[in-house]
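Read the figures in this text as sums done on the coordinates, not as results from a lab. Just so you know, these numbers come straight off a predicted model, no measurement behind them. FYI the Cβ positions are ideal-geometry reconstructions off the backbone, even for glycines, and counts take in every protein chain you see.
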Amino acid sequence: MDMSLTQQMSPHGGPPRRRRSLLLAAVAVVVLIAATVGVTVALTGGGDGSHPAAAPPSAPAPTRFGIPSPQPGRSATADPTAPLLLPHPARAASNGVPLGFPHTPDGAASAAVRWTSLILPTGEDRQLDVFRTIETAAAYTRDAPTLREGYREHPLAADFWSTATPLACGVTSTEDADGVSVSVLATLQVGDATGVTGSSLWANEFHLVWQGDDWRLDDIKDVSKTHPLPSGNSRDEYQASGWREFQLA
């Protein structure tokens, strides 16, 4: 039986005491990078036994704690290998989180890509505020106590930071018009006042549901076998693993 994302990322290993989804997983991954020298298998593995990729030599400059920088402009065509054109959000919440995505699979993919850099630990209050904004009410009620627990168990240094820069994505499944799963491949970096201290490829599958006239985050899982973690971050490597480039509108 494959280990869950949370199990793989846990510094202590072993099964979780109870169902723990994206919140504790996000805390665990950056704590594990910060606590070790270099990149570990636990940071890069989906349940498919992929090996860790080398630290990306020149990832796009991330926008720390913010929306990912737009990808280089390319013309989207009917070619299935062409970049997905991900629609622009209609608005932003008062905390800067993008909202108001179209009720389409591409709209869900746009939300997942733009939220990827926002879900990592940046301080307890900030992270809770982000999840309160993007999650369903039921998911937030379930996950907020776990996030608080994670910060109690693994307090972050005052100069600690983390960021993720999405590289590619893929719509894993469309359950119906109101449920979409989107995989996102990103470069994950953590650091402190001295600069970057750890870097790795990171991949997750976002499950989004349509509620209240917008996409909402319900959970994050291991990436599916249709989008395994590639051996590296070059375009050829991640396209060979089923990932697709995107362009932010």
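Points 7 angstrom from Cα along the Cβ direction at S173 and A249: gap in nanometres?
Those two pseudo-labels are separated by 2.7 nm.
What is the calculated FRET efficiency for A144 to R235, with r their C-beta to C-beta distance and R₀ = 35 Å, to the nearest 0.05?
0.40
L99: net charge of surrounding residues, Cβ under 15 Å, Lys/Arg +1, Asp/Glu -1, itself excluded?
0
By per-residue mean of other Cβ atoms within 10 Å, what is the highest-first order of 93-102, 221-230, 237-246?
Going by the mean number of other Cβ atoms within 10 Å, highest first, we get 221-230, 237-246, 93-102.
So for each of 178-185, 147-154 I average, over its residues, the number of other beta carbons within 10 Å; can you give me the resulting order with the highest mean first?
Ranked from most to least packed, the peptides come out as 178-185, 147-154.
Once amide H atoms are placed 1.01 Å from N in the peptide plane, what residues at a sequence separation of 5 or more from S173, or on another chain, have their amide H within under 5 Å of its amide H?
Placed amide hydrogens put S181 under 5 Å from S173.
Give me the orientation-averaged projected area of the Cα convex hull of region 152-204, in nm², one decimal.
Details: hull surface 22.0 nm².
Directional mean of the projected Cα hull area for region 152-204 stands at 5.5 nm².
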